[in-house]
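The structure under discussion appears below in the form of structure tokens.
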Amino acid sequence: MTAPQTPRPAASPKPRPGIPKTVWDLVFTLVIPILILSPNMLGSGISVAELLGGGTAGNIRAYLIAALIPVAYVLIDLFVNRNVSPVALIGGAGAIFSGALAFWYVDGFWYAIKDSARSYLTGVLFLLSALTSVPLFRVFLDAASIGEKPEDRAATQQAMRDPVVHRGLVLGTVAFAVVDLIGGVVNSIVNYGRVTAKFGTDAFNAQVAEVNAIMRVPGMVISLIGVALAIWLVQSAVRRRYGAGASLLEPSKLAARMRERGEVGA
């Protein structure tokens, strides 16, 4: 007698290729704001400021729209994805802070400070958190393990409470903060040297757009350096404590190393 065959599950449809989120991020946080600020959009002769009334009032309206679109994009993305992780909430709070600063109408030195205020605030908060039992870089690493198996995540949590690893997390948090502050200073210097026009003028908006374009890649590079340095310091502490091959970024391997040493659940 032939055994009944188990029906084969229908093949799941292949996911449709879409536009990567990184591209959307660049469009809404860089490209669209630059186009709005430009007094001659892509050489077409179109100026959003002129469409919004022209003169000082039109330029201010264009500046506010350009500043608030990235804020709206971050907050909409946060609510649509219902992402309530600490990392997402910190990003949302930073977006709100940036949006509030848009209404601080300044130029010259104070604009240079304002444009880097988010970096300065982040750096200070990370430095202050290094004095507590939960340095903020730990929050980012903890968020990376949310999707792991419960036992592997538990091992990660235990490792981060270890005094040796905790010191690495503190050093990583401080390193990230210092690099972020340096990035803020570099951004302020560039803004102070290039955004020299009076607020509310065509030239001011054009100079802001120019600096935004100039500083996007260097700003990202500086941030990545801060993250890489922080991760290296943390990983060095983890390897000192649990041996070669242990990594907070690979919870399963970390849990395996801890089991080998008989330290899981200790």
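The values are calculated or read from the model by the stated rules, or taken from the named source; none is laboratory data. Treat the numbers as computed from the prediction; the structure is a model and nothing was measured. Quick reminder, even Gly has a Cβ in these numbers, built from the backbone with ideal geometry, and neighbours come from all protein chains shown. SASA here: full protein model, heavy atoms, side chains in, ligands and nucleic acids out. Shrake-Rupley method; radii C 1.70, N 1.55, O 1.52, S 1.80 Å.
Given the condition crowded, with 20+ Cβ neighbours inside 10 Å, over 22 Å from the mean Cα position of the chain (by Cα) and within 27 Å of L181 (Cα to Cα), answer yes or no: does some residue in the stretch 244-254 qualify? Talk me through it step by step, then tell me what you get.
So the first thing to find is which residues in the stretch 244-254 are crowded, with 20+ Cβ neighbours inside 10 Å, and the list is 246, 248, 251, 254.
Still in the list and also over 22 Å from the mean Cα position of the chain (by Cα): 246, 251, 254.
Going one step further and asking which of them are within 27 Å of L181 (Cα to Cα), we end up with none.
Among the residues of the stretch 244-254, not one is crowded, with 20+ Cβ neighbours inside 10 Å, over 22 Å from the mean Cα position of the chain (by Cα) and within 27 Å of L181 (Cα to Cα), which makes the answer no.
If the requirement is being among the hydrophobic types (A, V, I, L, M, F, W, C), open to solvent by less than 40 Å² (accessible area, probe 1.4 Å), at pLDDT below 85 and out of contact with any Leu (no Cβ under 6 Å at 6 or more places or on another chain), which of these qualifies: L78, L30? Show your work before the answer.
Values: L30 fails: at pLDDT below 85.
After ruling out the rest, the residue left standing is L78.
Which residue is farthest from V164 (Cα to Cα), if the candidates are limited to the stretch 123-149 and must be aliphatic (A, V, I, L, M) and in a loop (DSSP other than H, G, I, E, B)? Break it down stepwise before answering.
Looking only at the stretch 123-149, we keep the residues that are aliphatic (A, V, I, L, M), and these are 124-125, 127-128, 130-131, 134, 136, 139, 141, 143-144, 146.
The next check asks that each one be in a loop (DSSP other than H, G, I, E, B); those that pass are 130-131, 134, 146.
Details: A130: 14, L131: 15, V134: 14, I146: 23 Å.
Top of the filtered list is I146.
Looking at the stretch 238-262 only, could you name the residues that are out of contact with any helix residue (DSSP H, G or I) (no Cβ under 8 Å at 6 or more places or on another chain), in a helix (DSSP H, G or I) and within 20 Å of I146 (Cα to Cα)?
Residues satisfying the conditions are K253, A256.
Exactly one condition in (1) within 22 Å of A88 (Cα to Cα); (2) touching a Ser or Thr at 6+ places or on another chain (Cβ under 7 Å) is false for V179; which is it?
Just one mismatch for V179, condition (2).
Looking only at the stretch 35-59, which residues are part of a helix (DSSP H, G or I) and crowded, with 20+ Cβ neighbours inside 10 Å?
Start the filter on the stretch 35-59 by keeping residues that are part of a helix (DSSP H, G or I), which leaves 35-37, 41-43, 48-51, 55-59.
I36, L37, V48, A49, N59 - these are the residues of the stretch 35-59 that are part of a helix (DSSP H, G or I) and crowded, with 20+ Cβ neighbours inside 10 Å.
Kindly indicate which of A62, A72 is surrounded by 10 or more Cβ atoms within 10 Å (Cβ to Cβ) and either at pLDDT 95 or above or touching a strand residue (DSSP E or B) at 6+ places or on another chain (Cβ under 7 Å) (or both). Talk me through it step by step, then tell me what you get.
Numbers: A72 fails: either at pLDDT 95 or above or touching a strand residue (DSSP E or B) at 6+ places or on another chain (Cβ under 7 Å) (or both).
Criteria check complete, one pass: A62.
Yes/no per residue for (1) touching a Lys or Arg at 6+ places or on another chain (Cβ under 6 Å); (2) farther than 24 Å from K198 by Cα; (3) at pLDDT 95 or above:
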residue	(1), (2), (3)
Y111	no, no, yes
K114	no, no, yes
R118	no, no, no
L141	no, yes, no
I146	no, yes, no
P150	no, yes, no
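When you go through A130, A102 one by one, which is the residue that is more than 15 Å from the chain's Cα centre (by Cα) and surrounded by fewer than 18 Cβ atoms within 10 Å (Cβ to Cβ)? Spell out how you get there, then give the answer.
Details: A130 fails: surrounded by fewer than 18 Cβ atoms within 10 Å (Cβ to Cβ).
One residue alone meets the criteria, A102.
Using beta carbons and a limit of 6 Å, which pairs, at least six apart or on different chains, have the first residue in the stretch 168-184 and aliphatic (A, V, I, L, M) and the second one open to solvent by 30 Å² or more (accessible area, probe 1.4 Å)?
Between residues of the stretch 168-184 that are aliphatic (A, V, I, L, M) and residues that are open to solvent by 30 Å² or more (accessible area, probe 1.4 Å), the close pairs are L169/R138; L171/L233; A175/L229; A175/L233; A177/L127; V179/I225.
Within the stretch 86-109, can you find the residues that are more than 21 Å from V178 (Cα to Cα), touching a Lys or Arg at 6+ places or on another chain (Cβ under 8 Å) and part of a helix (DSSP H, G or I)?
L101
When the stretch 185-200 is examined, which residues are found to be in a helix (DSSP H, G or I), within 16 Å of V106 (Cβ to Cβ) and in contact (Cβ under 8 Å) with a residue 40 or more places away in the chain?
N187, S188, N191, Y192
Hey, S223 hits all of (1) open to solvent by less than 40 Å² (accessible area, probe 1.4 Å); (2) in a helix (DSSP H, G or I) but one; which does it fall short on?
(1)
Does at least one position in the stretch 171-187 carry a residue that is among the small types (G, A, S), at negative phi and either more than 19 Å from the chain's Cα centre (by Cα) or open to solvent by 30 Å² or more (accessible area, probe 1.4 Å) (or both)? Explain how you work it out, then say what you get.
Our first condition is that a residue be among the small types (G, A, S); within the stretch 171-187, this holds for 172, 175, 177, 183-184.
When the remaining residues are screened for being at negative phi, the result is 172, 175, 177, 183-184.
Filter once more, keeping what is either more than 19 Å from the chain's Cα centre (by Cα) or open to solvent by 30 Å² or more (accessible area, probe 1.4 Å) (or both): none.
No, the stretch 171-187 has no match at all.
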